[in-house]
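Peer 1: There's a structure below that I have some questions on.
The values are calculated or read from the model by the stated rules, or taken from the named source; none is laboratory data. Just so it is clear, the structure is predicted and the values come from calculations on it, not from any experiment. Glycine also receives a Cβ, built like all others from the backbone with ideal geometry; neighbour counts cover every protein chain displayed.
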Amino acid sequence: MTFAAKLKGPGWYRALLSVPLSLAFSTALVVGVRALYGWDPLFDGEAITTVALIAMPLAFLVGIGCFDYWFYWAAGKPTRDEDHSGHGAKTWKDYFRVNTDHKVIGIQYIVTTFVFFTIGGLLAMLIRAELAAPGTQFVDPNTYNGLFSVHASLMIFLFIIPVFAGIANYVIPLMIGAPDMAFPRLNALSYWMLPMAGIMMVASFFAPGGAFATGWTAYAPLSTEVPLGQQFFTIGVQFAGASSIATALNFLVTIITMRAPGMTFFRMPLLVWANFTTSLLVVIATPFIAGSQFFVLFDRALGMNFFNSANGGDVIMYQHIFWFYSHPAVYIMMLPGFGIISEVISANARKPVFGYRMMAFSLCAIVVLGFTVWAHHMFVSGMSAWLRVPMMITTMLIAIPTGIKIFSWLATLWRGVIHLTTPMLFALGFITMFTLGGISGVMLAVIPVDIHVSDTYFIVAHIHYVLFGGSVFTIFAGLYFWFPKMTGRMYDERLGRMHFWLSFVFFNLTFGPMHLVGVDGMPRRVADYAAEFATWNAVISVSAFIFGMSYLLFLYNMITSWRNGPKAAANPWRAHTLEWQVSSPPPLFNFDEIPTIVGGPYEYGVPGAVHGVFKKPEPVAAASGGKE
Amino acid sequence: MEAATIAHEGHGHHHGPPEPNRSSRVEAQTLGMYLFIISEIMLFGAFFTAYFFIRVVIGDEWPAENMHLPVAVAGVNTAILISSSATIHWALESAKSGNRNGLKVGLLMTTLLGATFLAIQINEYVNIGFPPASNAQASIFYSLTGLHGAHVFIGLTLLVFATTRAFKGHFTEKEHRGVEIPGIYWHFVDVMWIVVYTTIYVI
């Protein structure tokens, strides 16, 4: 291919050309408009950055080729006959192209999100280094604020939410017997929007005035007044949100319209249920954070008055709109994990999931109740006082469906034949840690307790118990569980167990003591603290460093096992769900023959029980044939 | 990933994934558009929440002293937009019954009516006499009408695609999703305008 052809065709060459062009365009646009209106100065760095932050990612997406097919289609031109040209990955290079294969996109998602998880983790290490002793160690307070803000934003928007989308992307079409997602090209676009958001957030460190330093909540009017770095968050979140909505829409349509024959809703694996309900939350709630960030953007860029109380604006409004997304977002970060745990526990305890229907109904109850609790984040905000008690009650109510799930998992384990594999260890660790986080959550629902510990380390402890001990443990469980399916190779079990025990012990040593210093009144989001907290903080920092190093074990295990681990069998866990009935990794289009579903997904230990049957087991597909 | 390619070597002529099982009577594309509209409604919901806080919770006068909203002109504009809902419906019905001229004229008329709406809206902004930065009421006025205007623009883009394709001879009695789905979106944009018009201009 000639160089000109490379520049014309979709790919990195065109993307690397279109991005600088869009920067030049943004500059010209801003300077041109300012000249037209006669504003001074003509060259406004903040305005140019704002326009460029929107234009450059879009130009990249066009350049890399996310829109090519749609452009041809829209113009009524013949689309390329091989509209799935990007299907499958033959070499590692194919993972760096726009690819419409859900399995490739799933791995793209997981690897990308782990890159940002690693960056976010390093930021956490810096935070703990600064907090190892009272006084200032090596960062000034503003930089410190930037560190924890970018840490939280990356972990939430670039790791937990999208890594679940990645796992689901890989597993869900396989689980429901579909060849791909409903909208493969939209799926590719959703993936490629994600790194845009992440790069933007990390790049905010290079903005004049430092990274955005308003926490991941970016409360107005603080966020409308801080330096330029904030703009990177405000716009970055829009890309992450758009990516999230597009994926959720795709999951919903895929699950509703593409299930295998015989797979009724109550024969779906609980991971599919979990992602179905999560996707409902995403589609309904995510536009609210988009709205809140639009208002911040308008106030900053266009001088509007949404959060300027002198001109009729309302600052509490930001928190209402923000939390109307961000509380459901807590469940967006948890429900897919619930699904993973149901799969792992039932396969490793060799028992049907206890109360399958109640597990599904409790997910639905969480979706509904999740929209009614947002103001429990605002007990000390100065909002209308009458709103407090209803929010306390609904918050306590939401513990009921969550409790149903915990008890159902325990009942699933009851008298099961428990195999303590790495995914199972993480699942059991999850149940204990998440229960602790849930209990501190119910404590926080109680208004007087919340007022006492608001903005202390108790909150930090709670959020890490539910998001690390909860969500991230389920992510580890899920990755170890489906690693053989995704890569066709087995991970090192011994390293996996070491990773679990090190994380489990040092997770608790890191975040457990935070409850104590929190109740004693150590404020969060401050670079310094009183001398009385010095001992505990030294303990926390040392534990955090060991905890951080335990993650290196995981990385080492994943990378070396992916390169040259032993070949994995099609069904190493002897699980019943469909993804285990095909080869590891699965064939290009998942199933040579779409299976028919004849029973529930978890009938372990029930003689003769089968989930799906393959009508015509061809000789080639012997490994993917029917079950025993 | 080698195993993935080997399994399908015998299918050299076969492009794209095999047909999935259809587990719902609803078409995937139609369902996708409906879900997208739900999330669009929620985006408008966030803007209406801001409107509610500014107008009801803060309780300053609406419209603010400096705001003179051209209710009658916007009313005419509303009528233009609503009539475009009728023309896109006609275009779709024509497509279904094989009336190619009806399809083309219907799509063209819808596009022109939509473009007229947008032009009148922009003209209103130019002549309205208060900037978005003057107060919170002005901010939410511009934001809500602007958000709607952006959606009209997206709808128009889809309509231009459909019109281009119609004139190039695409769409048949059986295959007309390219008209139907932009049509669903266009109806949504119309209905949303009625809500915006009522809350911002009328009450």
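Peer 1: Checking A:Thr394 against (1) outside any loop (DSSP other than H, G, I, E, B); (2) in contact (Cβ under 8 Å) with a residue 40 or more places away in the chain, only one condition comes out false. Which one?
Peer 2: The one condition A:Thr394 does not meet is (2).
Peer 1: Looking only at helices (runs of 4 or more DSSP H) that fall completely inside the stretch A:446-527, which ones have 2 or more residues that are in contact with a Pro (Cβ under 7 Å, 6 or more places away or on another chain) and of a type outside the set (Asp, Glu)?
Peer 2: Correct list: A:473-487.
Peer 1: Being buried (at least 19 other Cβ atoms within 10 Å of the Cβ) and within 30 Å of A:Arg388 (Cβ to Cβ) is the requirement here; does A:Leu436 meet it?
Peer 2: yes
Peer 1: Right, another one. May I ask you to list the residues in the stretch B:133-171 that are assigned to a loop (DSSP other than H, G, I, E, B) and either among the hydroxyl-bearing types (Ser, Thr, Tyr) or facing another protein chain (nearest Cβ under 9 Å) (or both)?
Peer 2: B:Ala133, B:Ser134, B:Asn135, B:Lys168, B:Gly169, B:His170
Peer 1: A further question follows. Please work out which one of (1) surrounded by fewer than 24 Cβ atoms within 10 Å (Cβ to Cβ); (2) among the hydrophobic types (A, V, I, L, M, F, W, C); (3) modelled with pLDDT under 95 is the condition A:Phe114 fails and give its number.
Peer 2: Status for A:Phe114: all satisfied but (3).
Peer 1: Restricting to helices (runs of 4 or more DSSP H) lying wholly in the stretch A:1-86: which have 2 or more residues that are touching a residue at least 12 places away in the same chain (Cβ under 8 Å)?
Peer 2: Correct list: A:12-37, A:45-64, A:68-74.
A quick yes/no check of all residues on (1) touching a Ser or Thr at 6+ places or on another chain (Cβ under 6 Å); (2) free of Cβ contacts under 8 Å to residues at least 12 places away in the same chain; (3) closer than 21 Å to B:Gly32 by Cβ:
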{"site": "A:Gly135", "(1), (2), (3)": "no, no, no"}
{"site": "A:Asn187", "(1), (2), (3)": "no, no, yes"}
{"site": "A:Ser190", "(1), (2), (3)": "yes, no, yes"}
{"site": "A:Ala213", "(1), (2), (3)": "yes, no, no"}
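Peer 1: State yes or no: is B:Gly75 surrounded by fewer than 16 Cβ atoms within 10 Å (Cβ to Cβ) and away from chain A (no Cβ under 14 Å)?
Peer 2: Against the criterion (surrounded by fewer than 16 Cβ atoms within 10 Å (Cβ to Cβ) and away from chain A (no Cβ under 14 Å)), B:Gly75 qualifies.
Peer 1: A further question follows. Please determine whether any residue of the stretch A:370-383 is assigned by TED's automatic domain parsing to the domain that holds A:Met317, under 27 Å from A:Ser346 (Cα atoms) and crowded, with 21+ Cβ neighbours inside 10 Å.
Peer 2: For the stretch A:370-383, residues assigned by TED's automatic domain parsing to the domain that holds A:Met317, under 27 Å from A:Ser346 (Cα atoms) and crowded, with 21+ Cβ neighbours inside 10 Å: present.
Peer 1: Can I ask one more? Residue under question is A:Ala544, and the condition is that it be away from chain B (no Cβ under 14 Å), surrounded by 15 or more Cβ atoms within 10 Å (Cβ to Cβ) and either in contact (Cβ under 8 Å) with a residue 24 or more places away in the chain or not small (Gly, Ala, Ser) (or both); does it hold?
Peer 2: Yes: the conditions hold for A:Ala544.
Peer 1: If you scan the stretch A:600-614, which residues turn out to be at negative phi and assigned to a loop (DSSP other than H, G, I, E, B)?
Peer 2: Within the stretch A:600-614, A:Gly600, A:Pro601, A:Tyr602, A:Glu603, A:Tyr604, A:Val606, A:Pro607, A:Ala609, A:Val610, A:His611, A:Phe614 meet the criteria.
Peer 1: Only one of (1) within 30 Å of A:Phe589 (Cβ to Cβ); (2) facing chain B (nearest Cβ under 7 Å); (3) aromatic (Phe, Trp, Tyr) is not met by A:Phe276, so which one is it?
Peer 2: (2)
Peer 1: I've got another one for you. If the requirement is being surrounded by 23 or more Cβ atoms within 10 Å (Cβ to Cβ) and at the interface with chain B (Cβ under 9 Å from one of its Cβ atoms), which of these qualifies: A:Phe322, A:Phe288?
Peer 2: Criteria check complete, one pass: A:Phe288.
Peer 1: Return the residues of the stretch A:291-319 that are facing chain B (nearest Cβ under 9 Å), among the small types (Gly, Ala, Ser) and surrounded by fewer than 21 Cβ atoms within 10 Å (Cβ to Cβ); say none if nothing qualifies.
Peer 2: A:Gly303, A:Ser309
Peer 1: If A:Phe361 passes every condition in (1) surrounded by fewer than 24 Cβ atoms within 10 Å (Cβ to Cβ); (2) out of contact with any Pro (no Cβ under 9 Å at 6 or more places or on another chain) but one, which one does it miss?
Peer 2: (2)
Peer 1: Give the stretch A:32-53 a look and list any residue that's of a type outside the set (S, T, N, Q) and buried (at least 17 other Cβ atoms within 10 Å of the Cβ), or say none.
Peer 2: The answer is A:Arg34, A:Ala47, A:Ile48, A:Val51, A:Ala52, A:Leu53.
Peer 1: Checking the structure you have, find out if any residue of the stretch A:247-262 is surrounded by fewer than 24 Cβ atoms within 10 Å (Cβ to Cβ) and among the basic types (Lys, Arg).
Peer 2: no
Peer 1: Mind checking which residues of the stretch A:474-505 are out of contact with any His (no Cβ under 8 Å at 6 or more places or on another chain) and closer than 17 Å to A:Ala168 by Cβ?
Peer 2: A:Thr474, A:Ile475, A:Ala477, A:Gly478, A:Leu479, A:Tyr480, A:Phe481, A:Trp482, A:Phe483, A:Lys485, A:Met486 - these are the residues of the stretch A:474-505 that are out of contact with any His (no Cβ under 8 Å at 6 or more places or on another chain) and closer than 17 Å to A:Ala168 by Cβ.
Peer 1: Just one of A:Thr474, A:Thr432, A:Thr421 is farther than 22 Å from A:Phe117 by Cβ and touching a residue at least 60 places away in the same chain (Cβ under 8 Å); which is it?
Peer 2: A:Thr421
Peer 1: For the stretch B:47-66, name all the residues that are more than 9 Å from chain A (Cβ to nearest Cβ) and surrounded by 15 or more Cβ atoms within 10 Å (Cβ to Cβ).
Peer 2: B:Phe48, B:Tyr51, B:Arg55, B:Trp62, B:Pro63 - these are the residues of the stretch B:47-66 that are more than 9 Å from chain A (Cβ to nearest Cβ) and surrounded by 15 or more Cβ atoms within 10 Å (Cβ to Cβ).
So that you can scan it fast, the table gives a plain yes or no per residue for (1) surrounded by 24 or more Cβ atoms within 10 Å (Cβ to Cβ); (2) in the same structural domain as A:Ile161 (by TED's automatic domain parsing); (3) hydrophobic (A, V, I, L, M, F, W, C); (4) touching a helix residue (DSSP H, G or I) at 6+ places or on another chain (Cβ under 9 Å):
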| position | (1), (2), (3), (4) |
| --- | --- |
| A:Ala197 | yes, yes, yes, yes |
| A:Gly215 | no, yes, no, yes |
| A:Ala218 | yes, yes, yes, yes |
| A:Thr224 | yes, yes, no, yes |
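Peer 1: Among the residues of the stretch B:37-46 satisfying the criterion of being touching a residue at least 40 places away in the same chain (Cβ under 8 Å) and buried (at least 17 other Cβ atoms within 10 Å of the Cβ), which is farthest from the other protein chains (Cβ to nearest Cβ)?
Peer 2: B:Ile37
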